[in-house]
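**Q** Sharing a structure with you now.
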Amino acid sequence: MDLRQMEYLVALFEERQFTRAAALAGVSQSGLSAAIRSLEDELGTSLFTRTTRRVEPTAAGQALLPHALAMLEQATAARDAVVRASRELAGTLRIGAEQCLGIVDVAALLERFGRRFPHVRVEFTQAGSHSLVAMVRDDELDVALVATTDHLGGLVQTELGREPLVVLLPPEHPLAGRPRLGWHDLAGESFIDVHPSWALRPLNDGACTAAGVHRRVALSVNDVHTLLELVDRGLGVAVVPHHVAAKPQAARLVRVSLPDQAAPEWVVSAVTAAWDRAASPAPYLLELLADAPACPTPATHRREVAAEVSLADRCAPGSTGGVA
């Protein structure tokens with residue numbers, strides 16, 4: 001067993017699908033599949049059951065997960081200890097992120113940066129992606145974690161990951177039984193969306209315009225969980241990134257895919273201006289972002305707890321939320 005196999009195991013446990021897990025781990029699908037098969041051969045048992053639509057962990061896979069996470073955490077702590085001993089970094093890092101970005105666990109990233117570089121003062125701002133990009137351009141932020149590629153100009157973009165948008169419907173909605181929806185199917189619906197300064201709103205607006213569909217945003221919010229509650233109460237429909245639709249608050253809602261050619265992608269990036277590496281902590285944050293798969297997401301933490309409780313008590317565990 002090696003760290004790379006553990007990273008792939010955690011990614012597959014998180015995504016339950018080989019294509020998305022490979023994208024999360026930054027490897028080809030065939031490479032991830034071969035690594036998981038090699039691990040199963042080494043252990044002499046199946047870690048996942050595969051179907052044409054979904055991958056589910058076996059009891060052996062659930063038993064291995066906490067140990068895989070511990071191995072990755074220990075490796076991360078070891079790297080951080082080496083960096084602390086070999087680099088004396090000080091100054092201020094100004095970072096901003098949009099709420100519920102997905103792809104990046106912002107809270108875990110800030111915690112790890114602070115642990116690795118304890119003498120750097122971190123100033124954090126949460127705002128919409130377009131506002132954050134403007135702050136980088138105005139030298140008010142060193143790094144912005146955003147989900148927009150618009151109006152970047154001369155700023156430097158480092159893509160961190162991408163995922164599709166999906167439609168969220170109340171369970172009683174007439175379209176809830178459809179396996180797939182196009183933008184024309186949604187014409188005339190009342191939409192619930194976020195403020196235009198967030199990345200999602202212009203992404204949805206642009207996709208509707210490209211499809212020749214007029215949509216009416218009846219309710220505009222500044223919080224993802226409020227959006228999900230309003231959909232749950234039957235006040236409209238929403239088009240959101242895949243990770244938002246997977247939140248516990250969306251458990252009652254119906255998630256429907258958009259056709260591949262009509263579904264815009266949610267692209268998460270780190271946006272920076274050009275800086276002097278010797279004078280800025282920003283490049284060191286980007287190093288951690290490149291190592292982000294070693295930081296499990298809150299959903300992974302929930303499944304880790306579930307696996308541990310299932311093995312110890314044989315009863316269904318509760319789950320907790322977190323920064324997504």
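The values are calculated or read from the model by the stated rules, or taken from the named source; none is laboratory data. Every value quoted in this text rests on a predicted model; they were computed, and no experiment measured them. Virtual Cβ from ideal backbone geometry, glycine too; neighbours counted across all protein chains shown.
**Q** May I ask you to say which residue of VAL231, VAL254, VAL267, VAL217 is at pLDDT 90 or above, surrounded by 15 or more Cβ atoms within 10 Å (Cβ to Cβ), among the aliphatic types (A, V, I, L, M) and within 19 Å of THR149 (Cβ to Cβ)?
**A** Residue meeting the stated conditions: VAL267.
**Q** Restricting attention to region 65-97, which residues are at pLDDT 75 or above, assigned to a helix (DSSP H, G or I) and under 23 Å from ALA270 (Cα atoms)?
**A** THR76, the sole residue that qualifies.
**Q** Tally time: how many residues in region 24-47 are β-branched (Val, Ile, Thr) and either assigned to a helix (DSSP H, G or I) or touching a residue at least 60 places away in the same chain (Cβ under 8 Å) (or both)?
**A** So the answer is 1.
**Q** Now, a different point. In region 146-171, how many residues are touching a Gly at 6+ places or on another chain (Cβ under 7 Å) and either under 24 Å from SER280 (Cα atoms) or in a loop (DSSP other than H, G, I, E, B) (or both)? Write out each step before concluding.
**A** The first filter runs over region 146-171 and keeps only residues touching a Gly at 6+ places or on another chain (Cβ under 7 Å), leaving 163, 170.
Filter again for either under 24 Å from SER280 (Cα atoms) or in a loop (DSSP other than H, G, I, E, B) (or both), leaving 170.
Result for region 146-171: 1.
**Q** Sticking with this structure for a sec: Would you pick out the residues in region 182-201 that are buried (at least 21 other Cβ atoms within 10 Å of the Cβ) and over 15 Å from VAL256 (Cα atoms)?
**A** Matches in region 182-201: ILE192, ASP193, VAL194, TRP198, ALA199, LEU200.
**Q** Right, next: Within the set of pairs 6 or more residues apart or between chains, which connect a residue that is closer than 16 Å to VAL240 by Cα inside region 157-178 to a residue that is polar (S, T, N, Q) with Cβ atoms less than 6 Å apart?
**A** Pairs found: VAL166/SER257.
**Q** Just for helices (runs of 4 or more DSSP H) wholly inside region 179-287: which have at least 2 residues that are farther than 20 Å from ARG162 by Cα, under 25 Å from the mean Cα position of the chain (by Cα) and not assigned by TED's automatic domain parsing to the domain that holds ARG115?
**A** Of the helices (runs of 4 or more DSSP H) lying wholly inside region 179-287, those with at least 2 residues that are farther than 20 Å from ARG162 by Cα, under 25 Å from the mean Cα position of the chain (by Cα) and not assigned by TED's automatic domain parsing to the domain that holds ARG115 span 224-232.
**Q** What pairs can you find where one residue is in region 210-233 and under 12 Å from LYS247 (Cβ atoms), the other is loosely packed, with under 13 Cβ neighbours inside 10 Å, and their Cβ atoms are less than 8 Å apart, with a gap of 6+ or different chains?
**A** Listed pairs, sorted by first residue: ASP232/ARG252.
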